[in-house]
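Remarks on the structure that follows.
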Amino acid sequence: MSGDRLMFKKKILFISDRDGMDRRSDAVFGLVSGMDRDRFQPVFLDLSDGVMAGRMERAEIDVAKIEINPELMNLKEGVFFRPSGLIDIYRSLPVIGRTAALLKETKPAAVYTASALSHIVGAVAGRLAGVKVVWHFRDYIRPPMSLVFTSAALWGPSKIVCNTNLSAGQFGNSSRVVVVPDGVDMEIVRTRRRWESVRDTLGAPLDARVVCAAPSSADFDTADIFMEAAALTLKKTSNIHFIFAADFYSSSEMVKEDVEAVAEDIGIAEHVTVAQVRDDRYDIIDTSDVYVCASCSRDSDALEALDAMALGKPIVATRCGAIPELIRHGESGIIIPPGNSAAMAGALVEMLENPDVTKVFGENADATVRERHMMDSHIRRIEDILWRL
């Protein structure tokens, strides 16, 4: 490509500290790799362990490199949102300085941040270097850390892209906030293994009806409620197998063996598979008959529900976080109170014993994704925001 064409492109520096393999990392990767290369020159700065940078390089995305504090590279998102996160912000000061120097040297048109740590680094470094900053904000943050982000939002980013109305509501009625729903890359969704092979790998019987939960950011309460509901469901109906799949490596709150111990303690271990999920999320979800969003936290950003809906799965979901924005009760799923295992079991039995209803729920879920959550549309909307800066 000629240097003359390159001059007319908008260079955007994307910053993230995601570990490179979880669901949010996939969302960042899909956005950056899907940018229109005739209009934009995406560059990626990785504040993590380099896995994400490797993915970007394989997609022929330019990768910028600066020295990163080892303790920041191993920082998990959930830990950052706790009060101790203030210490981690202090630790990030050298990285902020190096990022500001990088911005002054490379002169991008804008910085686009996609994770908690990168929001702070990007906001301060962008201000120091005189570069506009866009936050892609997915979280609902509790005090006192919420005060840090809402205060930084007053002077840091030029735009805040939120994936849900819930996350947008934290910033009041600011004209700088715009809601862009998450997108799903249907090409990736379609590329999956046969369900029989996946069930065999997971130890799920081929003739069983399967209920699955594969939370994008899991905690032990989520797993506990799911297991309790599984036990109650098994008392009311038979030939059911339950799969709980999570990225235990990235979780700051949950260990795979602990979740397996819960199933063992309540006597349902032979009916349950606990699995580590990495790049096989869609394979695991697709093997299910009913999908469960069991989150007890308002932090839920509904990405897991979106993935299941893209696969045409009927959903039982708690009324938490952004779930009600995505799932229409009685049309694409059943919404229940959070933390109520009896209600979850009741909804599961209702779905499992009424396959005609669940078929309609799944079709409606798929239609919702195709109408409002296609990745191409998601990318084009963000490109428009960046182009107008």
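Of note:
- When peptides 233-241, 322-330 are ranked by their average number of other Cβ atoms within 10 Å per residue, the highest-first order is 322-330, 233-241.
- DSSP-defined antiparallel bridges as percent of all bridges, the chain, nearest 5: 0
- Since only 387, 99, 160 are under comparison, the one whose Cα sits farthest along the positive direction of the charge dipole of the chain, derived from C-beta charges on Lys, Arg, Asp and Glu, is 387.
- Of the residues 344, 230, 306, the one whose Cα sits farthest toward the positive end of the charge dipole of the range 187-372, with +1 on the Cβ of Lys and Arg and -1 on the Cβ of Asp and Glu, is 306.
- Three-way shape call for the range 187-372 based on the alpha-carbon gyration tensor, with the a/c threshold at 1.5: rounded
- Relative contact order of the range 187-372, taken over Cα pairs closer than 8 Å and 6 or more residues apart, is 23 percent.
- Per-pair calculated FRET efficiency, R0 = 30 Å: residue 388 and residue 357 via Cβ, rounded to 0.05: 0.10
- Vicinal HN-Hα couplings computed from phi for the range 339-344 (Karplus, 6.51 cos²θ - 1.76 cosθ + 1.60; Hz; Gly/Pro x): x, 10, 5, 5, 5, 5
- For residue 147 and residue 207, the FRET efficiency from 1/(1 + (r/R0)^6), where r spans their Cβ atoms and R0 equals 51 Å, is about 0.45.
- Dipole magnitude for the chain: about 1920 debye, using +1 per Lys or Arg Cβ and -1 per Asp or Glu Cβ, origin at the Cα centre.
- Order of 303, 232 - criterion: other Cβ atoms within 10 Å of each residue's Cβ, fewest first: 232, 303
- Computed magnitude of the charge dipole of the range 187-372 (debye, nearest 20; Cβ of K, R +1, Cβ of D, E -1): 520
- Cross-link reach is defined here as a Cα-Cα straight distance under 21 Å, omitting same-chain residues fewer than 8 places apart; for residue 159 the lysines meeting it are 9, 10, 11, 104, 107, 132.
- Amide H contacts under 5 Å for residue 243: 211, 212, 213, 273, restricted to partners 5 or more places along the chain or on a different chain, H placed in the peptide plane at 1.01 Å from N.
- The residues 195, 387, when put in order of fewest to most other Cβ atoms within 10 Å, stand as 387, 195.
- Ranking of 36, 139, 224, 356 by count of other Cβ atoms within 10 Å, fewest first: 356, 36, 224, 139
- Proportion of all alpha-carbon pairs of the range 263-342 beyond 16 Å (%): 55
- Peptides 124-134, 201-211 ordered by average Cβ neighbours within 10 Å, highest first: 124-134, 201-211
- Remark: the residue 128-residue 269 segment gains 45.3 nm on full extension, using 0.36 nm per residue and subtracting the alpha carbon distance.
- Cα gyration tensor shape for the range 160-244, rounded if a/c is under 1.5, else prolate or oblate: oblate
- Built amide H within the under 5 Å cut-off of residue 132, gap 5+: 111
- Sequence-separation-based contact order of the chain, relative, with Cα cut under 8 Å and 6+ spacing, percent: 15
- Peptide packing: for 312-318, 332-338, the average count of neighbouring Cβ atoms within 10 Å per residue gives the ranking 312-318, 332-338, highest mean first.
- Charge dipole of the chain about the Cα centre (unit charges at C-beta), most positive-ward option of 273, 118, 368: 118
- Two-decimal Rg/Rh across the chain, once Rg and the Kirkwood Rh are taken from alpha-carbon atoms: 0.98
Computed from the coordinates by the stated procedures, all read-outs in this text should not be read as laboratory data. These figures come from a predicted structure and were not determined experimentally. Glycine also receives a Cβ, built like all others from the backbone with ideal geometry; neighbour counts cover every protein chain displayed.
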